[in-house]
Amino acid sequence: MTEKLYYTDMYGTEFDAKVVSVDGNKFILDRTLFYPTSGGQPNDTGTVNQDGTTYNVIDVYKEGDDIIHVLDPNSSLTPGAHVHGKIDWDRRYIHMRYHTAVHIIDGVVNNNYSDEGLITGGQIYEDHARVDFDFKEIDREKISKIIDEANDIVNKGLKVFQRDISRDEALNIPGLARTEPGRELIKKLDHVRIIEIENFDFQADGGTHVKNTREVGKIIMGKIENKGKGHKRLNFSLE
């Protein structure tokens with residue numbers, strides 16, 4: 001099992017670790033700050049240095065309890081070696097800002113518009129993000145109002161923090177997981193990680209986030225797409 005340092009230190013950028021196993025240009029460390037692609041958030045990239053040689057980490061993904069790191073083709077590490085890792089902080093931080101922005105928009109919809117529909121999913125990129133709604137009808141005026149309310153939360157500078165609760169406690173909290181895959185996942189976990197925005201929103205989540213909503217920056221409404229009956233999509237960017 002890989003120790004997931006990105007949960008205990010979301011602002012960490014460098015770390016030391018031991019190579020547990022190697023398979024070609026893929027390897028597992030005993031501990032890592034590299035976040036794997038998961039839950040709509042892309043993986044981290046960066047470098048690892050072994051004995052003075054620096055290698056590029058180009059992909060990271062989960063495999064059971066292990067985190068698989070992928071190097072450039074034709075690169076490989078030595079099993080048992082000690083390495084120094086460094087993530088691409090600019091890439092990680094923009095993902096953190098976008099992920100918290102998605103939670104803020106989700107919280108606005110859940111708190112103020114749940115009688116009309118909910119957010120059913122989302123995806124984060126480096127230059128924008130998207131959220132999907134199951135609203136039957138939605139127009140640019142309503143989306144604009146939701147974004148204005150989300151920016152009000154950003155500007156309040158609310159604290160964002162994480163905590164762990166038991167599976168039984170999680171299953172008894174309505175709306176903790178707001179998608180069916182999320183609800184099914186909770187049933188398989190012993191403990192559930194919660195991301196909470198102070199006095200505003202809390203939900204089960206496995207991603208990385210900023211410490212304060214003000215770090216998100218202004219949310220800019222982008223293209224609204226009609227993906228079919230009961231499936232609307234909002235694209236947005238951050239200033």
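Within the bounds of region 66-80, is there any residue that is surrounded by 15 or more Cβ atoms within 10 Å (Cβ to Cβ) and under 30 Å from LYS156 (Cβ atoms)? No, there is no match, as no residue in region 66-80 is surrounded by 15 or more Cβ atoms within 10 Å (Cβ to Cβ) and under 30 Å from LYS156 (Cβ atoms). Residues that are in contact with a Gly (Cβ under 7 Å, 6 or more places away or on another chain) and of a type in the set (Phe, Trp, Tyr) were ranked within region 1-58; the one that is surrounded by the fewest Cβ atoms within 10 Å (Cβ to Cβ) is PHE15. If you go through region 103-124 and keep only what is assigned to a loop (DSSP other than H, G, I, E, B) and either buried (at least 20 other Cβ atoms within 10 Å of the Cβ) or out of contact with any helix residue (DSSP H, G or I) (no Cβ under 9 Å at 6 or more places or on another chain) (or both), you end up with SER114, ASP115. Just one of the numbered conditions (1) in contact with a helix residue (DSSP H, G or I) (Cβ under 9 Å, 6 or more places away or on another chain); (2) within 24 Å of ARG97 (Cα to Cα); (3) not in a strand (DSSP E or B) is not true of VAL192: (3). I'd like to know if region 55-73 contains one or more residues that are among the basic types (Lys, Arg) and either within 20 Å of ASN235 (Cβ to Cβ) or touching a residue at least 40 places away in the same chain (Cβ under 8 Å) (or both). No; the residues of region 55-73 include none that is among the basic types (Lys, Arg) and either within 20 Å of ASN235 (Cβ to Cβ) or touching a residue at least 40 places away in the same chain (Cβ under 8 Å) (or both). Here the strands (runs of 3 or more DSSP E) wholly within region 1-76 that include at least 2 residues being touching a Lys or Arg at 6+ places or on another chain (Cβ under 8 Å), modelled with pLDDT of 95 or more and at negative phi are 14-23, 46-50, 66-71. Scanning region 11-37 for residues that are more than 20 Å from ASP51 (Cβ to Cβ) and hydroxyl-bearing (Ser, Thr, Tyr) yields TYR11, THR13, TYR35, THR37. Whenever a residue of region 150-170 is at positive phi, its partners that are of a type outside the set (A, V, I, L, M), lying with C-beta atoms within less than 8 angstrom and at least six residues away or across chains, give the pairs GLY157/ASN212; GLY157/THR213; GLY157/ARG214. Look at LYS136 and say whether it is out of contact with any Cys (no Cβ under 9 Å at 6 or more places or on another chain) and exposed (fewer than 13 other Cβ atoms within 10 Å of the Cβ). Considered against the rule, which asks whether it is out of contact with any Cys (no Cβ under 9 Å at 6 or more places or on another chain) and exposed (fewer than 13 other Cβ atoms within 10 Å of the Cβ), LYS136 comes out as yes. Here ASP127 clears all of (1) surrounded by 15 or more Cβ atoms within 10 Å (Cβ to Cβ); (2) modelled with pLDDT of 95 or more; (3) within 30 Å of ASP152 (Cβ to Cβ) except the condition numbered (1).
LYS86 falls short on exactly one of the conditions (1) over 23 Å from LEU158 (Cα atoms); (2) buried (at least 22 other Cβ atoms within 10 Å of the Cβ), and that condition is (2). For region 92-108, the count of residues that are free of Cβ contacts under 8 Å to residues at least 60 places away in the same chain and either more than 30 Å from ILE194 (Cα to Cα) or among the acidic types (Asp, Glu) (or both) is zero.
The values are calculated or read from the model by the stated rules, or taken from the named source; none is laboratory data. Quick caveat, the model's predicted, so the values are computed rather than measured. Don't worry about glycine lacking a Cβ; one is built from the backbone with ideal geometry, like all the others, and counts go over all protein chains shown.
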